[in-house]
Amino acid sequence: MKLRYLATVVVLALTTVAAHAQAGVYLNPVAIRVSNTIADTGPFAFLGEKSTSQVFYGYTLGGYYDFFHSGKLATGFETRYSDLHANNAMLRNFLVGLRVSGTPFARPIKPYLLAAVGDATTKAPQSTVHTSKASYAIYGGVDYKMARHVDLRVFELGYGSLTTVSSATVGAGGNVAIPSSTLISFSSGLVFTF
């Protein structure tokens, strides 16, 4: 008999969590500054011949699902795909991560934090060779509730790392090991919530 009561309480608790679940999707413009401490040379130089930084522009397509709510905090997961280009070079990044958001201030403002890992593909401007390597990133931002199902992503800042295509990663006889590149991103746009 006590087992039935426990099962009923668990089912009601899970129903409550599911009732507060929130999902969101977005397609936003993004700018990412990719930088490295060592300049690469040759046809596989991702940032360009003897360059240590480049700003890439493109878009980010993503979605999140907050499945757990506790007070003013919500936790869930997020997936995102970015497609960026600069100087005829290409960077495509797919990430999956844990997302924490909350409403510690007035209702319309919702800050969030995302820690994600994934896979990124890069192509140098003077080559057709693509390489895929692991990547990670941490994002933080603020969404502002504009309407029932529309949020304005006021801003999103991100920091990440990725080993890009280079003479060293392709094995083209690069005599200097090129370290992982640093990615600093900025984005803004609309988020559609359900």
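The condition of being over 29 Å from Phe194 (Cα atoms) and either at pLDDT 95 or above or surrounded by 14 or more Cβ atoms within 10 Å (Cβ to Cβ) (or both) holds for Thr52. Evaluation of Arg92 against the conditions (1) within 13 Å of the chain's Cα centre (by Cα); (2) surrounded by fewer than 17 Cβ atoms within 10 Å (Cβ to Cβ); (3) not small (Gly, Ala, Ser) shows that the sole unmet condition is (2). Quick check on Thr163: is it more than 20 Å from the chain's Cα centre (by Cα) and modelled with pLDDT under 95? No. When Gly62, Gly97, Gly76, Gly48 are screened for being more than 23 Å from Ala147 (Cα to Cα), among the small types (Gly, Ala, Ser), out of contact with any helix residue (DSSP H, G or I) (no Cβ under 6 Å at 6 or more places or on another chain) and part of a strand (DSSP E or B), only Gly97 passes. The criterion of being among the polar types (S, T, N, Q), loosely packed, with under 15 Cβ neighbours inside 10 Å and part of a strand (DSSP E or B) holds for Ser132. If the condition is being assigned to a strand (DSSP E or B) and surrounded by fewer than 21 Cβ atoms within 10 Å (Cβ to Cβ), then segment 152-173 contributes Leu152, Arg153, Val154, Phe155, Leu157, Tyr159, Ser161.
With the condition kept exactly as written, say whether any residue in segment 109-124 is under 19 Å from the mean Cα position of the chain (by Cα), more than 30 Å from Lys50 (Cβ to Cβ) and modelled with pLDDT under 95. Checking segment 109-124: at least one residue is under 19 Å from the mean Cα position of the chain (by Cα), more than 30 Å from Lys50 (Cβ to Cβ) and modelled with pLDDT under 95.
The values are calculated or read from the model by the stated rules, or taken from the named source; none is laboratory data. Since we're looking at a predicted model, the values are computed, not measured. Cβ atoms come from the backbone with ideal geometry, glycine included; neighbour counts cover every protein chain shown.
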